[in-house]
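Have a look at the structure below before the remarks.
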Amino acid sequence: MRYTVTRDFIGYGANPPDPRWPGGARLAVNFVMNYEEGSEPSVQDGEGYSEHGLTEAPGLAHIPRGRDLAAESMFEYGSRVGFWRLMRLFQERGLPMTVFGCALALERNPEAAAAIRDSGFDVCCHGWRWVKHFELSEEQEREHIRLAVESLRRTIGNRPLGWYCRYGPSVNTRRLVAEEGGFLYDSDSYADELPWWVTVEGRPHLVIPYSLTNNDGKYAGAIGTSDQWFSFIRDAFDMLYAEGARTPKMMSIGLHMRLIGHPARAAGLARLLDHIQKHAGVWVTRRLDIAQHWMKEHPYPGCGLNE
């Protein structure tokens, strides 16, 4: 039977499983740096307009058709400056993170790709390009997945083992990702604070949920200062850490180079990293490590939550 997307309003319910994080950690924290700059919709790549999502470009000033040179330069800032600032913040503290890498973007910055390759950070495939997968046909989407895997194998040195679309997947995405055969998990869901298994056309498939709430996308209108962002994400961490004494969970924190890579915002990220490092019993880890841990400690039960 062909896999179709169905909704699940119950999940783990009142009794989520003990994830048994390494060292008995109360909370697993995964930082994600979204590397999108250079793969977004653009005139050079045929869309006929310049993307301005998650930038400083005000809606009324944005140029709807043709090249918006201001918006283009805001994306360029992310790969030219913001990327290196985020890399320094994590490497100076010896902390791991995951890169949600758009394949074409990394092709266009070989120096950044080499730095990621040398860092030990894992790369989760963020698509061939930063485009809306739900607007692609099934064949177009299958080709985007193929191109992305081949590209990241060249630039990073190994194929990606995780997958995440721009914002929303299509109804075909999970099936096509599973069909490709080499992915361990996808993160195309915001539905939980723990991983879970699904069955995709008779085969096990793991979902590692992501978050747009614990995310620097809040700077795009909802939050203005680094103190506000730090306070917001700190409160989420503190709540999950307290709950972790009884029900350990995972926490995803999403970052964008062209947003939090700016100095005033990066200061809030630095405070957050230092706050987290003051707490014992926290597993700051890569997304791939969470997936591999879950597969070992909570293997596929034989039937998923979604048939």
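The values are calculated or read from the model by the stated rules, or taken from the named source; none is laboratory data. Being a predicted model, the structure only gives us computed values, none of them experimental. Glycine also receives a Cβ, built like all others from the backbone with ideal geometry; neighbour counts cover every protein chain displayed.
Key figures for this structure:
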| quantity | calculated |
| --- | --- |
| Test set (1) in contact with a helix residue (DSSP H, G or I) (Cβ under 8 Å, 6 or more places away or on another chain); (2) over 22 Å from L288 (Cα atoms); (3) among the β-branched types (V, I, T) - V29 fails condition number | (2) |
| Among the candidates V99, V29, residue that is in contact with an Asp or Glu (Cβ under 8 Å, 6 or more places away or on another chain), at pLDDT 95 or above and β-branched (V, I, T) | V99 |
| Residues being in contact with an Asp or Glu (Cβ under 9 Å, 6 or more places away or on another chain), under 30 Å from E40 (Cα atoms), of a type in the set (A, V, I, L, M, F, W, C) and not in a loop (DSSP other than H, G, I, E, B) - total across segment 234-266 | 4 |
| Failed item in (1) assigned to a helix (DSSP H, G or I); (2) surrounded by fewer than 16 Cβ atoms within 10 Å (Cβ to Cβ); (3) of a type in the set (D, E, K, R), with R85 passing the rest | (2) |
| Of all residues making up segment 223-233, the number that are touching a Gly at 6+ places or on another chain (Cβ under 7 Å) and either crowded, with 23+ Cβ neighbours inside 10 Å or in a loop (DSSP other than H, G, I, E, B) (or both) | 1 |
| Qualifying residue in segment 212-222 (condition: in a helix (DSSP H, G or I), touching a residue at least 40 places away in the same chain (Cβ under 8 Å) and more than 19 Å from G53 (Cβ to Cβ)) | no |
| Answer from P301, P248 - the residue that is on the phi < 0 side of the Ramachandran plot, surrounded by fewer than 15 Cβ atoms within 10 Å (Cβ to Cβ) and not aliphatic (A, V, I, L, M) | P301 |
| Subset of segment 150-174 that is at pLDDT 95 or above and surrounded by fewer than 20 Cβ atoms within 10 Å (Cβ to Cβ) - its residue that is farthest from Y185 (Cα to Cα) | R154 |
